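Take a look at the structure set out below.
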Amino acid sequence: MIKTWELDPNFKEEIMNERGGEHLTACFQCSTCTLGCPIIDYVPTYNPRKIIQMSLLGMRKEVLSNPDLWVCLICQTCTARCPQDVRISDLLGAIRRIADKEAEAGKIKIESSRPIFDKAFQHQLAKYGRLYDMGLAKEYYPKREGSFFKGMMAMMNDYKDFGMRMFKKGKMGPKAMFPEKVKDLAVMKKIFEEMGEK
Amino acid sequence: MSVTKLAYYPGCPSDATAMEQDMSTKAVFEKLGVELVEVEDWNCCGAAEVEDPELVYALNARNLAIAEKEGLDIVTPCSICYYNLERSNQALKADEGLRAKVKGIDSSLDYNGKIKAKHVLDVFVNDIGLEELSSKISKKLNLKIAPYYGCYISRPPETGFDDPDDPDTMDKLIELMGGEIVPFSQMKTLCCGGPLMMTRSDIAFDMAMKILDTAKSAGADCIALACPLCGMMLDGKQADIEKALHVEIDMPVVYITQLLGLALGIDANELGLNKNVVDTKDILGKVV
């Protein structure tokens, strides 16, 4: 049941003020995005059309705490097919960034490890300018599992076979233990300070 | 042929999981007489994990500006890097305010919108062209091939350089090299699941499995692709998928640059064909 007194009439403006969310109100609810999405085979509740409708209605809390936001593949199928150029892939990204800020502020809880992963990834770029796989795994797994030990166990479980395969092919050796760094690290720091999450 | 020199953006997996893509890209361009100048001190494009578009634009402005100073168009073998480079290029070209904002971060991000960003497949087929390539091809690929395009070669339409419903640049190149395309149209542009690998591996494995299984049922000798994340999912993780889903696949997965290299007569090891995880020996026997 929708309780009108709990709706946030400013929510659609909030989304449209985020980069990528500008075209929200162009949606005419045709469902092309949802029916063509490869994720609906796996997550039957996944419904970008509904997320848009709920956003337009101002159902801020329900939208931002919807775990389905985090199973989007960013594969751009919806964006390519949308007859109204809503740019759904970018739009969902904008909603995810708002959700992430709310979670950081302790106002909602996100039932997905995706934000932890994305942030761990970004931290490597801010520090080194390039992706450092080991650094990413060392940050992601312990945070996801809630302890360093459990994190390392989970990492071993996911990566022991894969790592050995890569090692045998000469793709992952002692060199992979250390980050590849860009020389101009000062500029990377500036980019993330100016444009990254505050 | 108008292309003689390009700025080369290798991307982060180029010295790790996708080193065979990097090796084969360099070898192929050398054989084609195109000089690649690596973008000096390049930084990561942001991949799929940096979602804030402005942050993506700033990260890529630096790489674009370095190539622009050299007066060269920029080329990458990675579909995700291509998407980020090209969408940044378009946004920065169109928006003077954005250029000023990005330049305000650091003078090294001063990009004036004077170059193009290209995917290697686009350069091969549309810039160098099939006619030019055909004059240099010396070997025939007696192979049945499943051409897998993934997401960013054709989507979103603003940056994609192929048809989002039925892309065919890779098909044309494969046919030129004597390869046979197996029925694969349902899978050509389906996402490999890679972006969910670390957070929903159950979904990611199943999506990759669909692609591998379709190629196998269609009788393909190998899958051809052009993105290191797809390569990691379909080749690097294939044994994990087999184990998790209790199936046997054993489907070789190669980069389109490796296939083009073989057709151009380049040595298999120089193309890194001993680096692909699923053994490629059977493929090599069918290149004549």
Can you tell me which residues in the range B:70-98 are farther than 25 Å from B:Ala27 by Cβ and away from every other protein chain (no Cβ under 14 Å)? B:Asn89, B:Lys93, B:Glu96
Among the candidates A:Ala186, A:Ala105, single out the residue that is surrounded by fewer than 17 Cβ atoms within 10 Å (Cβ to Cβ) and more than 29 Å from B:Glu38 (Cα to Cα). A:Ala105
Answer from B:Met209, B:Met232 - the residue that is at pLDDT 95 or above and closer than 16 Å to B:Met19 by Cβ: B:Met232
Residue match in the range A:15-35 (condition: under 24 Å from A:Ser112 (Cβ atoms), free of Cβ contacts under 8 Å to residues at least 24 places away in the same chain, of a type in the set (D, E, K, R) and assigned by TED's automatic domain parsing to the domain that holds A:Gln76): no
Can you tell me which condition A:Arg144 does not meet? The list is (1) at the interface with another protein chain (Cβ under 9 Å from one of its Cβ atoms); (2) free of Cβ contacts under 8 Å to residues at least 60 places away in the same chain; (3) buried (at least 21 other Cβ atoms within 10 Å of the Cβ), and all the others hold. (3)
Please go through the range B:67-77 and pick out each residue that is buried (at least 24 other Cβ atoms within 10 Å of the Cβ) and touching a Leu at 6+ places or on another chain (Cβ under 8 Å). B:Ile74, B:Val75, B:Thr76
Restricting attention to helices (runs of 4 or more DSSP H) lying wholly within the range B:170-288, give those where 1 or more residues are acidic (Asp, Glu) and either buried (at least 24 other Cβ atoms within 10 Å of the Cβ) or out of contact with any Lys or Arg (no Cβ under 7 Å at 6 or more places or on another chain) (or both). B:201-217, B:238-245, B:281-284
Hey, among the residues in the range B:188-239 that are basic (Lys, Arg) and within 20 Å of the chain's Cα centre (by Cα), which one's nearest to the other protein chains (Cβ to nearest Cβ)? B:Lys237
What's the number of the only condition in (1) farther than 18 Å from B:Met19 by Cβ; (2) in contact (Cβ under 8 Å) with a residue 24 or more places away in the chain; (3) more than 8 Å from chain B (Cβ to nearest Cβ) that A:Lys138 fails to meet? (2)
Checking the structure you have, find out if any residue of the range B:118-139 is closer than 30 Å to A:Met195 by Cβ, in contact (Cβ under 8 Å) with a residue 40 or more places away in the chain and either in contact with a His (Cβ under 9 Å, 6 or more places away or on another chain) or of a type in the set (Ser, Thr, Tyr) (or both). no
Looking only at the range B:251-280, which residues are away from chain A (no Cβ under 14 Å) and over 20 Å from the mean Cα position of the chain (by Cα)? B:Gly265, B:Asp267
Sole exception among (1) in the same structural domain as A:Leu64 (by TED's automatic domain parsing); (2) surrounded by fewer than 16 Cβ atoms within 10 Å (Cβ to Cβ); (3) of a type outside the set (A, V, I, L, M, F, W, C) for A:Lys181, by number: (1)
Does A:Arg60 fit the bill of being away from chain B (no Cβ under 12 Å), of a type in the set (Lys, Arg) and closer than 26 Å to A:Ile116 by Cβ? yes
Please work out if A:Phe121 is under 30 Å from B:Glu40 (Cβ atoms) and without any contact (Cβ under 8 Å) to a residue 24 or more places away in the chain. yes
For residues that are more than 25 Å from B:Glu38 (Cβ to Cβ) and part of a helix (DSSP H, G or I), scanning just the range B:76-98, find the one that is nearest to the chain's Cα centre (by Cα). B:Ala94
Specify the residue that is farthest from the other protein chains (Cβ to nearest Cβ); the eligible residues are those in the range B:133-169 that are acidic (Asp, Glu) and surrounded by fewer than 20 Cβ atoms within 10 Å (Cβ to Cβ). B:Asp168
Does the range B:200-218 contain any residue that is charged (D, E, K, R) and under 22 Å from B:Ile283 (Cβ atoms)? yes
With the structure loaded, tell me whether B:Val125 is at pLDDT 95 or above, assigned to a helix (DSSP H, G or I) and within 30 Å of B:Ile266 (Cβ to Cβ) or whether it fails that test. yes
Please give the number of the condition A:Ser65 fails out of (1) buried (at least 16 other Cβ atoms within 10 Å of the Cβ); (2) small (Gly, Ala, Ser); (3) more than 11 Å from every other protein chain (Cβ to nearest Cβ); (4) free of Cβ contacts under 8 Å to residues at least 12 places away in the same chain. (4)
Show the residue pairs that are 6+ apart or on different chains and have beta-carbon atoms under 9 Å apart, the first residue being within the range B:77-94 and in contact (Cβ under 8 Å) with a residue 12 or more places away in the chain, the second being outside any helix (DSSP H, G or I) and of a type in the set (Asp, Glu). B:Glu86/B:Glu158; B:Arg87/B:Glu158; B:Gln90/B:Glu158
Filtered residue count, the range B:1-52, keeping only those that are of a type outside the set (Val, Ile, Thr) and assigned to a strand (DSSP E or B): 7
Where the second residue is surrounded by 24 or more Cβ atoms within 10 Å (Cβ to Cβ) and at pLDDT below 95 and the first is β-branched (Val, Ile, Thr) and lies in the range B:254-265, which pairs have Cβ atoms under 9 Å and are six or more apart or on separate chains? none
Just to verify a result, which residue in the range A:108-131, among those that are of a type in the set (Ser, Thr, Tyr) and touching a Lys or Arg at 6+ places or on another chain (Cβ under 6 Å), is farthest from the other protein chains (Cβ to nearest Cβ)? A:Tyr128
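The values are calculated or read from the model by the stated rules, or taken from the named source; none is laboratory data. These figures come from a predicted structure and were not determined experimentally. Ideal geometry is used to build each Cβ from the backbone, glycine not excepted, and the neighbour counts take in all protein chains shown.
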